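Peer 1: I have a structure I would like to understand better, so I am pasting it below and will then ask my questions one at a time.
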Amino acid sequence: MKQCFDEIALQTEGRGLYDVTPKIIDWIDKQEIQDGLLTLLIQHTSASLLLNENYDSDVQTDLENFFSRLVKDGDSLFTHTIEGDDDMPAHIRTALTQTNLSIPIKNKKMLLGQWQGVYVFEHRYNEFDRKVKIHLIGE
Amino acid sequence: MKQCFDEIALQTEGRGLYDVTPKIIDWIDKQEIQDGLLTLLIQHTSASLLLNENYDSDVQTDLENFFSRLVKDGDSLFTHTIEGDDDMPAHIRTALTQTNLSIPIKNKKMLLGQWQGVYVFEHRYNEFDRKVKIHLIGE
Amino acid sequence: MKQCFDEIALQTEGRGLYDVTPKIIDWIDKQEIQDGLLTLLIQHTSASLLLNENYDSDVQTDLENFFSRLVKDGDSLFTHTIEGDDDMPAHIRTALTQTNLSIPIKNKKMLLGQWQGVYVFEHRYNEFDRKVKIHLIGE
């Protein structure tokens with residue numbers, strides 16, 4: 001049994017879902033491990049990870065619009081406002097979604113369903129450099 | 001250290017929580033591994049996984065009713081409507097809950113709390129064949 | 001490759017976020033394993049786990065206030081009311097957040113981002129003894 005550690009970086013350009021499935025597939029291809037458990041952890045508190053629909057991009061738009069309506073920018077409830085109107089909503093949206101994913105790997109393929117993709121969900125408006133830590137254990 | 005892969009299948013019959021704890025207990029019983037880490041991943045984008053209360057079935061009803069009210073079928077916000085009024089809400093409800101669970105196993109027992117059960121949360125109205133991938137690593 | 005199991009206990013004193021990062025750092029320090037995968041599982045259905053902002057305590061207050069408003073105590077929708085007005089909201093808040101976290105460890109350090117802390121999110125008003133199971137696999 002072996003393990004390896006790495007990191008995927010991406011630059012986001014505003015709120016919404018970013019498909020990182022191809023980057024992860026490429027990364028797995030380069031590893032020695034064939035079968036095992038992949039763990040992804042996003043190192044931020046205003047962006048998150050999701051497994052969600054990879055077919056119709058309208059799904060990603062609707063997801064973003066739903067979360068924007070559920071967690072309103074500039075809501076008077078919030079006291080943590082110094083970093084901008086979209087900052088506290090970003091922390092809440094992160095809490096409502098996921099910060100890590102665990103995905104079994106068999107024959108170097110993620111055991112995802114046909115319509116599942118791996119997404120970084122950016123919750124802030126500006127550009128950000130986001131990092132996702134990767135851990136793979138197996139053989 | 002060893003690992004094994006498998007799959008649990010179930011047919012759902014409409015929205016709500018389906019207790020898959022017994023199926024998982026049965027599966028663990030048949031494995032060689034005594035102590036390790038169990039990973040569950042549901043291969044869908046309109047059904048999810050939850051650890052939640054296993055005692056009073058009213059909890060499951062209330063959970064379903066809360067999510068139905070929070071994410072309204074046929075909401076005019078949604079543009080992804082071709083697969084039905086309940087489809088986009090199902091993707092959002094999946095995003096709001098979990099698609100994978102990681103559960104330590106000791107002496108072939110999941111280290112869950114007394115009141116915790118493992119549930120598939122079906123977010124669509126019709127019958128669906130749902131698959132949960134299982135990975136177990138340990139010894 | 002080795003693995004070990006343990007438990008962190010804490011007493012909560014009402015709703016809100018409790019930083020357990022120091023307890024986990026202390027625990028990792030005492031283990032033989034340098035590099036691996038850490039899994040945390042909270043054994044309750046009315047408290048959950050979160051990776052969230054560790055800098056400004058206003059974030060934790062705002063998170064709690066948001067969830068209190070989103071899931072109202074004593075909502076007439078709920079039928080599971082025998083354990084108190086805050087019990088069914090606690091199950092829903094648990095479903096909306098996380099019950100387990102998977103965190104890669106390198107050189108005995110959790111690979112978290114600079115502003116990420118590990119929190120127990122208590123969803124009930126009274127004092128509770130909460131337990132978080134720990135599993136670590138690696139070498």
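Peer 1: Would you check which residues across region B:9-32 are of a type in the set (A, V, I, L, M) and not in a strand (DSSP E or B) and list them?
Peer 2: B:Val20, B:Ile24, B:Ile25, B:Ile28
Peer 1: With respect to A:Leu70, is the statement that it is of a type in the set (A, V, I, L, M), at the interface with chain B (Cβ under 9 Å from one of its Cβ atoms) and open to solvent by 20 Å² or more (accessible area, probe 1.4 Å) true?
Peer 2: Against the criterion (of a type in the set (A, V, I, L, M), at the interface with chain B (Cβ under 9 Å from one of its Cβ atoms) and open to solvent by 20 Å² or more (accessible area, probe 1.4 Å)), A:Leu70 qualifies.
Peer 1: Have a look at C:Leu38, C:Leu17, C:Leu63 and point out the one that is under 19 Å from C:Gln116 (Cβ atoms) and within 11 Å of the chain's Cα centre (by Cα). Can you show your working first?
Peer 2: Working: C:Leu38 fails: within 11 Å of the chain's Cα centre (by Cα); C:Leu63 fails: within 11 Å of the chain's Cα centre (by Cα).
Answer to the check: C:Leu17.
Peer 1: Inspect region B:102-120 for any residue being in contact (Cβ under 8 Å) with a residue 12 or more places away in the chain and touching a His at 6+ places or on another chain (Cβ under 6 Å) and give the result as yes or no.
Peer 2: yes
Peer 1: Let me ask another. Being facing another protein chain (nearest Cβ under 7 Å) and without any contact (Cβ under 8 Å) to a residue 40 or more places away in the chain is the filter here; which residues of region A:73-95 pass it?
Peer 2: Across region A:73-95, the qualifying residues are A:Leu77, A:Phe78, A:Thr79, A:His80, A:Met88, A:Ile92, A:Ala95.
Peer 1: Give the residue, chosen from C:Thr39, C:Thr61, C:Thr12, that is more than 19 Å from C:Phe128 (Cα to Cα), out of contact with any Ser or Thr (no Cβ under 6 Å at 6 or more places or on another chain) and modelled with pLDDT of 95 or more.
Peer 2: Residue meeting the stated conditions: C:Thr61.
Peer 1: Being more than 25 Å from A:Ile92 (Cβ to Cβ) and open to solvent by less than 40 Å² (accessible area, probe 1.4 Å) is the filter here, so list the residues in region A:9-44 that pass it.
Peer 2: A:Thr21, A:Ile24, A:Trp27, A:Ile28, A:Gln31, A:Ile33, A:Asp35, A:Gly36, A:Leu37, A:Leu38
Peer 1: Okay, moving on. Taking B:Asp6 as the residue in question, decide whether it is assigned to a strand (DSSP E or B) and either surrounded by 15 or more Cβ atoms within 10 Å (Cβ to Cβ) or touching a residue at least 24 places away in the same chain (Cβ under 8 Å) (or both).
Peer 2: Numbers: assigned to a strand (DSSP E or B): yes; either surrounded by 15 or more Cβ atoms within 10 Å (Cβ to Cβ) or touching a residue at least 24 places away in the same chain (Cβ under 8 Å) (or both): yes.
It is true that B:Asp6 is assigned to a strand (DSSP E or B) and either surrounded by 15 or more Cβ atoms within 10 Å (Cβ to Cβ) or touching a residue at least 24 places away in the same chain (Cβ under 8 Å) (or both).
Peer 1: Of everything in region C:98-115, what is among the polar types (S, T, N, Q) and open to solvent by less than 10 Å² (accessible area, probe 1.4 Å)? Give them in sequence order. Write out each step before concluding.
Peer 2: Going residue by residue through region C:98-115, those that are among the polar types (S, T, N, Q) are C:98-100, C:102, C:107, C:114.
Those that are among the polar types (S, T, N, Q) and open to solvent by less than 10 Å² (accessible area, probe 1.4 Å): C:Gln98, C:Thr99, C:Asn100, C:Ser102.
Peer 1: Same structure again: Tell me which of these A:Ala47 doesn't satisfy, since it passes every other one: (1) open to solvent by 10 Å² or more (accessible area, probe 1.4 Å); (2) more than 9 Å from every other protein chain (Cβ to nearest Cβ).
Peer 2: (1)
Peer 1: Just checking, which of C:Lys106, C:Lys133 is of a type in the set (Lys, Arg) and facing chain A (nearest Cβ under 9 Å)?
Peer 2: Exactly one of C:Lys106, C:Lys133 is of a type in the set (Lys, Arg) and facing chain A (nearest Cβ under 9 Å), namely C:Lys106.
The values are calculated or read from the model by the stated rules, or taken from the named source; none is laboratory data. All values reported here derive from a predicted model rather than from experimental measurement. Backbone-built Cβ (ideal geometry, glycine too); neighbour counts: all protein chains shown. The area values use the complete protein model at the heavy-atom level, side chains included, leaving out ligands, DNA and RNA. Shrake-Rupley method; radii C 1.70, N 1.55, O 1.52, S 1.80 Å.
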